[in-house]
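The values are calculated or read from the model by the stated rules, or taken from the named source; none is laboratory data. Worth saying up front: this structure is predicted, and the values here are computed from it rather than measured. Cβ placement follows ideal geometry from the backbone for every residue including glycine, while neighbour counts extend to all protein chains displayed. We work out accessible area using only protein heavy atoms, side chains counted, and drop any ligands, DNA or RNA first. Shrake-Rupley method; radii C 1.70, N 1.55, O 1.52, S 1.80 Å.
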Amino acid sequence: MTPEQMIRLTALEMAEHLRAGTLTSVKLTRAHFDRIKAIDGTAEEGIHAFLHLNEAEAMAVAEQVDAIRASGGPEADELHPLAGVPIAIKDNIVTIGQPTTAASKILEGWMPPYDATVIRTIRAAKLPILGKTNLDEFAMGSTTEYSAYGVTRNPWDLHRAPGGSGGGSAAAVGAFMAPLALGSDTGGSIREPAAFTGTVGAKPTYGSVSRYGLIAMASSLDQIGPVARTTADAAALHELIAGHDPKDSTSLHTQWDTLLEATKRHDLSGLRIGVLQELQGPGFTDGIWEKFQETLDMLRKAGADVTTVECPHMPYALHAYYLIVPSEVSSNLARFDGVRYGKRVVPEGGGTVAEVMAATRAAGFGDEAKRRIILGTFALSAGYVDAYYGTAQRIRTLVIKDLHDAFEHVDVMVSPTTPTVAVRLGDQLENPLTMYLNDVVTIPANLAGIPAISIPAGTAEHGMPVGLHIQGPAKSDARIYRVAAAIESLVEADLGKPFYDLAPEVPRVQGARS
Ligand code: GLN
């Protein structure tokens with residue numbers, strides 16, 4: 001098999017080849033690094049999905065997996081099914097031995113003293129970690145343009161954004177630089193980039209995957225989840241990383257061992273699918289809305305029962321989110337003070353502790369982080385807390401109740417993942433309010449803690465990918481994967497090939513990447 005063929009396999013196919021001995025992890029991991037070096041480039045050219053490459057360590061893990069397999073002993077039987085399959089990690093998940101920056105200057109060069117629980121799991125399962133991927137600073141944004149280290153470009157069109165905040169992970173997977181990646185989703189940061197890059201991204205039920213070692217953005221909403229090119233690959237990765245963790249006080253005790261199995265049953269007959277009354281037509285571009293109607297027709301033909309459901313408070317979810325998030329952000333980001341972590345800026349001639357903190361935070365945080373810290377501090381301040389934060393929390397409760405009631409009538413709800421296809425780089429940079437609107441579909445799932453996934457449904461304006469968003473009640477993750485896999489197979493049958501095979505070839509970069 002050539003390296004070009006290897007990188008285009010699904011993660012589960014790679015795993016199968018590794019088990020069968022028809023591929024080694026060393027060759028597979030090498031093929032991915034070669035691909036990264038050929039196309040990823042830098043902030044100036046290429047995709048720029050990676051902020052840091054972890055080549056020596058990843059190759060060592062690959063060698064170890066191959067040696068264990070070659071030995072054929074009991075250790076080989078105990079290897080995790082995904083052992084030897086490389087993975088990329090969003091750079092807001094802490095990793096020993098690799099810098100973790102959350103794409104912020106305030107953490108430039110910071111080497112974490114511990115591993116996130118998901119990283120411990122991935123190391124124990126022996127997936128070579130390719131490196132750390134770009135994001136909007138502290139995961140705040142929808143385009144990856146708010147990274148302090150330069151933009152990531154969409155592999156489908158280098159003039160467009162890969163979505164955000166997890167644009168790096170999505171672009172890496174979409175451009176065959178990694179078969180799997182981890183993202184984090186606070187309001188859509190896994191799903192929106194998946195929609196923009198033609199990949200699959202899932203936000204698990206809140207508490208399914210440990211948040212220990214995820215640099216907190218808004219703790220009541222943050223959730224780590226899988227990024228992949230197929231639903232089954234995403235389910236396999238989700239199964240690996242899910243499970244109770246005593247180090248995360250919001251971690252659930254639920255079992256998550258049927259997710260991959262669920263992707264093997266492709267039956268939609270009798271499934272009750274809801275379309276939200278409040279998320280109809282206007283607001284979505286014509287191309288997106290047309291594609292969505294085609295998808296609904298396809299679902300009806302496959303025997304699903306498509307009905308309209310109402311969630312009257314849904315129009316307020318976005319507003320509530322953009323008060324709750326800055327509030328939690330202002331509190332979570334207080335720890336970056338020039339004393340405990342990363343950067344420290346001392347004013348000329350020295351200064352008091354408060355002056356050092358102020359100088360550090362002024363220099364270390366970018367515009368969007370500052371905007372949210374200021375907004376959040378205001379929303380939580382005495383005299384305003386009830387009017388702003390309190391009202392937002394009351395709306396959150398109403399949104400949760402709306403969704404709960406709607407799921408009495410339907411098994412899942414579907415919609416397009418985003419109002420538009422991938423935006424052009426620069427288009428939303430000057431106006432955060434238009435950027436915030438990108439998240440109108442994805443946010444309610446975070447407010448309610450329910451699982452949701454985005455899968456490619458086809459293409460629309462400019463030939464760019466369109467995401468289909470599927471969400472279900474809390475802990476219905478297996479159902480979400482089952483429905484997503486069934487729809488994915490319909491889309492594939494319609495196209496005559498897997499969606500990811502439509503991705504255009506990415507030009508090679510000139511400059512070398514280290
Ligand atoms: N775009 C959203 C925001 O900026 C979502 C971010 C996320 O999910 N991390 O808040």
Whether any residue in segment 455-473 is out of contact with any Asp or Glu (no Cβ under 8 Å at 6 or more places or on another chain), aliphatic (A, V, I, L, M) and more than 23 Å from Q280 (Cα to Cα) is what I want to check.
no
Being of a type in the set (D, E, K, R) and away from the ligand (no atom under 11 Å from the Cβ) is the filter here; which residues of segment 417-442 pass it?
R424, D427, E430
Take segment 109-138 and flag every residue that is of a type in the set (A, V, I, L, M, F, W, C) and either outside any loop (DSSP other than H, G, I, E, B) or within 28 Å of A236 (Cα to Cα) (or both).
A116, V118, I119, I122, A124, A125, L127, I129, L130, L135, F138
Matching residues in segment 201-235 - criterion: being open to solvent by 10 Å² or more (accessible area, probe 1.4 Å) and either within 16 Å of the ligand (Cβ to nearest atom) or among the small types (G, A, S) (or both):
Y206, R211, L214, I215, A216, S219, S220, A232
Residues being under 22 Å from the mean Cα position of the chain (by Cα) and either free of Cβ contacts under 8 Å to residues at least 40 places away in the same chain or part of a helix (DSSP H, G or I) (or both): count how many of those fall in segment 97-108.
2
Exactly one condition in (1) more than 30 Å from V151 (Cα to Cα); (2) in contact with a Pro (Cβ under 7 Å, 6 or more places away or on another chain) is not met by M1; state its number.
(2)
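For every residue, the table says whether it meets (1) modelled with pLDDT of 95 or more; (2) under 30 Å from Q393 (Cα atoms); (3) within 26 Å of the chain's Cα centre (by Cα).
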position: P282; (1), (2), (3): no, yes, no
position: F292; (1), (2), (3): yes, no, yes
position: P315; (1), (2), (3): no, yes, yes
position: S331; (1), (2), (3): yes, yes, yes
position: V339; (1), (2), (3): no, no, no
position: G351; (1), (2), (3): no, no, no
position: E355; (1), (2), (3): yes, no, no
position: T360; (1), (2), (3): yes, no, no
Selection within segment 248-264 - in contact (Cβ under 8 Å) with a residue 24 or more places away in the chain and either of a type in the set (A, V, I, L, M, F, W, C) or exposed (fewer than 12 other Cβ atoms within 10 Å of the Cβ) (or both)
L252, W256, L259, L260, A262, K264
For segment 13-27, which residues satisfy the criterion of being in a helix (DSSP H, G or I) and either open to solvent by 50 Å² or more (accessible area, probe 1.4 Å) or farther than 22 Å from D77 by Cα (or both)?
E13, E16, H17, R19, A20, K27
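Can you find a residue in segment 393-400 that is open to solvent by less than 60 Å² (accessible area, probe 1.4 Å), touching a residue at least 12 places away in the same chain (Cβ under 8 Å) and at positive phi?
To start, the set of residues in segment 393-400 that are open to solvent by less than 60 Å² (accessible area, probe 1.4 Å) comprises 393, 395-396, 399.
Then keep just the ones that are touching a residue at least 12 places away in the same chain (Cβ under 8 Å); that gives 393, 395-396, 399.
When the remaining residues are screened for being at positive phi, the result is none.
So far as segment 393-400 goes, no, none of its residues is open to solvent by less than 60 Å² (accessible area, probe 1.4 Å), touching a residue at least 12 places away in the same chain (Cβ under 8 Å) and at positive phi.
Just the residues that are without any contact (Cβ under 8 Å) to a residue 40 or more places away in the chain and not charged (D, E, K, R), please, taken from segment 70-94.
Of everything in segment 70-94, those that are without any contact (Cβ under 8 Å) to a residue 40 or more places away in the chain and not charged (D, E, K, R) turn out to be A70, S71, G72, G73, P74, A76.
Let's see how each residue does on (1) farther than 23 Å from V209 by Cβ; (2) open to solvent by 10 Å² or more (accessible area, probe 1.4 Å):
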{"residue": "G97", "(1), (2)": "no, yes"}
{"residue": "I106", "(1), (2)": "yes, no"}
{"residue": "A116", "(1), (2)": "no, no"}
{"residue": "I119", "(1), (2)": "no, no"}
{"residue": "R123", "(1), (2)": "no, yes"}
{"residue": "K126", "(1), (2)": "no, yes"}
{"residue": "A148", "(1), (2)": "yes, yes"}
{"residue": "L158", "(1), (2)": "yes, yes"}
For segment 461-476, indicate whether the set of residues that are of a type in the set (S, T, Y) and open to solvent by 40 Å² or more (accessible area, probe 1.4 Å) is non-empty.
no
Name the residue that is most open to solvent (accessible area, probe 1.4 Å), counting only residues in segment 285-329 that are among the polar types (S, T, N, Q) and away from the ligand (no atom under 16 Å from the Cβ).
T308
Those residues of segment 46-96 that are modelled with pLDDT of 95 or more and assigned to a loop (DSSP other than H, G, I, E, B) come to a total of 18
Where residues in segment 443-471 are more than 24 Å from E505 (Cα to Cα) and of a type in the set (S, T, N, Q), which of them is farthest from the ligand (Cβ to nearest atom)?
Q471
Quick check: anything in segment 51-71 on the phi > 0 side of the Ramachandran plot and either within 20 Å of the chain's Cα centre (by Cα) or not hydrophobic (A, V, I, L, M, F, W, C) (or both)?
no
Run down V353, V345 and say which single residue is open to solvent by 30 Å² or more (accessible area, probe 1.4 Å), under 25 Å from L135 (Cβ atoms) and touching a residue at least 12 places away in the same chain (Cβ under 8 Å).
V345
Out of the residues in segment 151-182 that are in contact with a strand residue (DSSP E or B) (Cβ under 9 Å, 6 or more places away or on another chain) and over 20 Å from R35 (Cβ atoms), state the one that is farthest from the ligand (Cβ to nearest atom).
H159
Hey, R30 of a type outside the set (F, W, Y), part of a helix (DSSP H, G or I) and under 25 Å from V151 (Cα atoms) or not
no
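So in segment 420-434, with the set limited to residues that are polar (S, T, N, Q) and touching a Ser or Thr at 6+ places or on another chain (Cβ under 7 Å), which one is modelled with the lowest pLDDT?
Q428
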Return the residues of segment 403-418 that are more than 30 Å from A161 (Cα to Cα) and crowded, with 24+ Cβ neighbours inside 10 Å; say none if nothing qualifies.
L403
